[in-house]
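A.B. asks: Take this structure first; my questions come after.
Computed from the coordinates by the stated procedures, all read-outs in this text should not be read as laboratory data. As the structure is a computational prediction, the values presented were derived from the model and not from experiment. Don't worry about glycine lacking a Cβ; one is built from the backbone with ideal geometry, like all the others, and counts go over all protein chains shown.
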Amino acid sequence: MQIRGAADSPHAPRAATDRVVFLDVLRIFAFASVLAGHKFYPAIEAAAQDPSLHVTLRLMAQILAPFVWAGGAGVIVFFLVSGYIITQVLQRERAGEFLLRRIFRIYPLYIAAVLIETLLAALLLGQAVPPLSVMIPRLLLIGDLFGTPYALAGVEWTLRLEVLFYAIMAALKALGLIEQPKTLPWIYLALSALGLWAGPMPTAHGWSDGFITLYLPFLFVGSVAFLNERRLIGGGAALAAVGGIYAGYLLALPGINPRGANSHFLTLACLLSLAVWLMRARLRGAAWIVFLSNLTYAVYLFHNWLWSYLEAAARGLGLVGGTAAGITLLLLLVISAMAHRVIEQPAIALGRRIAARLQASGRG
């Protein structure tokens, strides 16, 4: 089955007929895990340890907690899905077309989210607008070159990593290496080993030190999964690449990011992704799956900073506790749906049209 819609997005295909359902399911888990980890984890952890709760409810909270801790499992699933889809996209797109369409996919909604976050912080919280020396690298997602603080209450780091991955994959395409898939697992292993040898990158922000070194290889794992599924590489090469990357992560993690060393979120994310992939033939699409999957990017961009404003508005109406949280979540989904419809979809369509015209003019 082709992922035709994935040519426009690492997150959302164009039409229901183009859906690959297991990818939609993984996207939904990913943003739900990140959202729950950032906004509901204390409540989940408290429920997991509350002796007054029924034992079944307590067990459910104990099972859920590792999957949402810090949103880590969701982020890894995002990376695995992106690696899978980007590799598929590059089977038919040239490097220039690929980069052009990625720009229109990633940047318009991201830039809108950053500008809205900055404006609201200035108007409602009295925060100073960052100087251009901060805003320009931030908006271009090249802040790691300048030690620029993250936007969007911290989630920007994953997008910086995505953009780096796109650049690497475009370079591999331009060099003709995507057309030599049997070499790719070894290239991925070599790049991963080079990152470990060079030391943690970046080292500017403390809590996220070394995220390129630790997590870029798992975008490669998603790529290996696609190549193996399509029988472009053998199972032995796939296992060697994935096993080598996973072993490198386990060895490097305690020294780079001790905060995550006692968590199993990466292993859980990989096992969950494998389980969903194994069940892919049995999964069936539904309208609600398509709807939620399409909101993945917008929810990810907005949730961590917009939540406090929406929750304050709900509490201003006299709502408290679970009711306030429920209304806040509903408002977040509505705003994300509007952003997807008004900004994200038109930008993707514009990128597609420009790429098609450039391709047609090149042929002419």
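A.B. asks: Normalised by the residues of segment 85-208, what does the relative contact order come to in percent, with Cα pairs under 8 Å and at least six apart?
C.D. replies: RCO, segment 85-208: 28 percent.
A.B. asks: Right, another one. Just in segment 52-137: which trypsin sites (Lys or Arg not before Pro) are loop by DSSP and have at most 11 other Cβ atoms within 10 Å?
C.D. replies: 92
A.B. asks: Then there is this: List the relative contact order of the chain as a percent without decimals, with contacts defined as Cα pairs under 8 Å and 6+ residues apart.
C.D. replies: This gives 25 percent for the chain.
A.B. asks: Using Cβ counts within 10 Å as a stand-in for footprinting exposure, how do 24, 144 rank, fewest first?
C.D. replies: Ascending number of Cβ neighbours within 10 Å: 144, 24.
A.B. asks: Fewest first, what order do 293, 133 take by the number of other Cβ atoms within 10 Å?
C.D. replies: Sorted ascending by nearby Cβ count, the order is 133, 293.
A.B. asks: Just rank 39, 182, fewest to most, by other beta-carbon atoms within 10 angstrom.
C.D. replies: Lowest count first: 182, 39.
A.B. asks: Where in segment 304-338 is the amide nitrogen less than 18 Å from a point lying 7 Å along the Cα-to-Cβ axis of residue 53?
C.D. replies: 321-323, 325-326
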